[in-house]
1. Residue check, Thr46 against (1) modelled with pLDDT of 95 or more; (2) outside any loop (DSSP other than H, G, I, E, B), all met but one. Which one?
2. In segment 100-113, what residues are part of a loop (DSSP other than H, G, I, E, B) and in contact (Cβ under 8 Å) with a residue 40 or more places away in the chain?
3. Restricting attention to segment 117-127, which residues are under 14 Å from Asp54 (Cα atoms), open to solvent by 20 Å² or more (accessible area, probe 1.4 Å) and touching a Pro at 6+ places or on another chain (Cβ under 7 Å)?
4. Could you check Glu212 against (1) closer than 21 Å to Ala66 by Cα; (2) in a helix (DSSP H, G or I) and say which number it fails?
5. Quick one: Leu104 ticks every box in (1) surrounded by fewer than 24 Cβ atoms within 10 Å (Cβ to Cβ); (2) aliphatic (A, V, I, L, M); (3) touching a Ser or Thr at 6+ places or on another chain (Cβ under 6 Å) except a single one, so which number is it?
6. In the set Ser99, Ser16, Ser30, which member is more than 22 Å from Phe215 (Cα to Cα), loosely packed, with under 15 Cβ neighbours inside 10 Å and among the small types (Gly, Ala, Ser)?
Amino acid sequence: MKTSTENCFFCEKELSESTIVQNCIYCGKSEEVQLCCPDHHFVCNTCKEKNVWDVIDNFCFTAASANPVQMAETLMKFPGFKMHCPDHHYLVPAVLLASYSKKLHKRKKLAGWLKIARNRAEKVPGGFCGTHGSCGAAVGTGIFISAITGATPLSGMEWNLSNSVVGHSLLSMAQYGGPRCCKRVTFLSLQEAGNFLRERLSVQLEMPEKIECTFSQKNEEQCLKEHCP
């Protein structure tokens, strides 16, 4: 088996030259490849050409994992997913909705929820954290709660819940200060949403006990390093 000079986009391990059929980690489609990752990480040509938000949609429907942090990590390693970008504003509610729908056996509602979340997340511009004092990832937790509860501006408890989860997320982010890091705030938002669901709605999502970031070397905007949670 020959060794190539390329590394896997997902795990950074060196690829080997070997003709083999692999399944795309984002859609499950089988495709014959000539370069093989030792851990069989592979993204098909169809997914490579898709819009990132379309990949998020597809992955949320097909992912075997019910862990929102795990799902987010996989999606953030997609070749077209940038270190800092508004894609995180949709990523957060999308993986939470996918996890929640699996946990409560409400998969039939996922398509409708994702459509609502995507439409709302599209209205949150990049750089929102610095210009409006409200990070788009935190807003994503509110989008998630508002979608599952059917909250509107005239709602009572639903309004309370969707605004409260955003508040919790923002306070968690604010204690670490800037500069921004879309990966850090995504992880914090997912943790806060998980805690909020458990405490306020008695729903326990599958969450990791500890998160170790694998994106810090790609952060060119001053990673907090040892000061990052």
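The values are calculated or read from the model by the stated rules, or taken from the named source; none is laboratory data. What you see is a predicted model, and the numbers here were worked out from it, not measured in a lab. Quick reminder, even Gly has a Cβ in these numbers, built from the backbone with ideal geometry, and neighbours come from all protein chains shown. These accessible areas exclude ligands, DNA and RNA; they are computed on the full protein's heavy atoms, side chains included. Shrake-Rupley method; radii C 1.70, N 1.55, O 1.52, S 1.80 Å.
1. Only one criterion in (1) modelled with pLDDT of 95 or more; (2) outside any loop (DSSP other than H, G, I, E, B) is unmet by Thr46, namely (1).
2. Filtering segment 100-113 down to residues part of a loop (DSSP other than H, G, I, E, B) leaves 104-106.
Selection gives Leu104 alone.
3. Across segment 117-127, there are no qualifying residues.
4. With (1) closer than 21 Å to Ala66 by Cα; (2) in a helix (DSSP H, G or I) applied to Glu212, the lone miss is (2).
5. Failed condition: (3).
6. The conditions single out Ser30.
Let's see how each residue does on (1) touching a residue at least 12 places away in the same chain (Cβ under 8 Å); (2) farther than 23 Å from Leu97 by Cβ; (3) touching a Leu at 6+ places or on another chain (Cβ under 8 Å):
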residue	(1), (2), (3)
Gly136	yes, no, no
Thr152	no, no, no
Gly167	no, no, no
Gly194	yes, no, yes
Ser216	yes, yes, no
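Conditions (1) of a type in the set (Val, Ile, Thr); (2) surrounded by 20 or more Cβ atoms within 10 Å (Cβ to Cβ); (3) out of contact with any Gly (no Cβ under 7 Å at 6 or more places or on another chain); (4) in a helix (DSSP H, G or I), marked per residue:
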site: Gln70; (1), (2), (3), (4): no, no, yes, yes
site: Gly80; (1), (2), (3), (4): no, no, yes, no
site: Lys115; (1), (2), (3), (4): no, no, yes, yes
site: Glu158; (1), (2), (3), (4): no, no, no, yes
site: Gly167; (1), (2), (3), (4): no, no, yes, yes
site: Tyr176; (1), (2), (3), (4): no, no, yes, no
